[in-house]
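What follows is a single structure, written as structure tokens, with notes after it.
FYI, it's all coordinate maths here, none of it is from the lab. Predicted model, so just to flag it, every value in this text is computed and none were measured. Note that we place each Cβ from the backbone using ideal geometry, even for glycine, and neighbour counts take in every protein chain shown.
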Amino acid sequence: MDKRDLISKALEAKKMAYVPYSKFHVGCALITEDEEVFTGCNIEISSYSPTICAERTAIFKAISEGHRRIKAIAVVGDSDHTFPCGVCRQVIREFGKNAKIIIANSEDDYEEYTLDELLPHSFGPEDLEENKEKKDV
Ligand code: THU
């Protein structure tokens, strides 16, 4: 699966967005290090806070099916180059520190970023590992 195919899957997923409140559609497709593809769309809820972004829908589908390492993730939305929100950047950090992040308008119009570019100086699982070695105070 190349980048164009992943973007195409994200565009397909975007059609499933349930967005009666914002009317802003987002689609996501990711490929795991073991070459499985998962897609997701944003889903909005009338009380607003339970709303979930397309990226987290796709990532949580992957994790819940036992695939924990993201190799690449493509995002498409209704704005010109829709970037993942802060919360989704942190979730990508958990499962795809080295993932390629593809921000696309179409298969022919995309940009590629690293997580470090989108979330510099990030906090992650390793920070907690370091802390475990310390004695309780
Ligand atoms: N949204 C996403 O799905 N992904 C993002 O990274 C940006 C925001 C959704 C959430 C909400 O349904 C709509 O876009 C407007 O914020």
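Numbers below:
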{"read-out": "Count of residues meeting criterion [over 9 Å from the mean Cα position of the chain (by Cα) and more than 8 Å from the ligand (Cβ to nearest atom)] in the stretch 46-60", "value": "6"}
{"read-out": "The stretch 1-10: number of residues that are touching a Gly at 6+ places or on another chain (Cβ under 9 Å) and more than 14 Å from the ligand (Cβ to nearest atom)", "value": "1"}
{"read-out": "Among residues of the stretch 12-45, those that are within 14 Å of the ligand (Cβ to nearest atom) and either in a strand (DSSP E or B) or surrounded by 15 or more Cβ atoms within 10 Å (Cβ to Cβ) (or both), counted", "value": "18"}
{"read-out": "Hey, Ile63 among the β-branched types (Val, Ile, Thr) and either away from the ligand (no atom under 11 Å from the Cβ) or in contact with a Leu (Cβ under 8 Å, 6 or more places away or on another chain) (or both) or not", "value": "yes"}
{"read-out": "Residue ranges of helices (runs of 4 or more DSSP H) in the stretch 46-121 with at least 1 members charged (D, E, K, R) and surrounded by 16 or more Cβ atoms within 10 Å (Cβ to Cβ)", "value": "54-64, 86-95"}
{"read-out": "Number of the condition not met by Thr32 [criteria: (1) in contact with a Cys (Cβ under 8 Å, 6 or more places away or on another chain); (2) farther than 19 Å from Leu11 by Cβ]", "value": "(1)"}
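For every residue, the table says whether it meets (1) more than 15 Å from the ligand (Cβ to nearest atom); (2) in contact with a Cys (Cβ under 7 Å, 6 or more places away or on another chain); (3) without any contact (Cβ under 8 Å) to a residue 60 or more places away in the chain.
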site	(1), (2), (3)
Val75	no, yes, no
Asp78	no, no, yes
His81	no, no, yes
Arg89	no, no, yes
Lys97	yes, no, yes
Ile102	no, no, no
Ser106	yes, no, no
Tyr113	no, no, yes
Leu118	no, no, yes
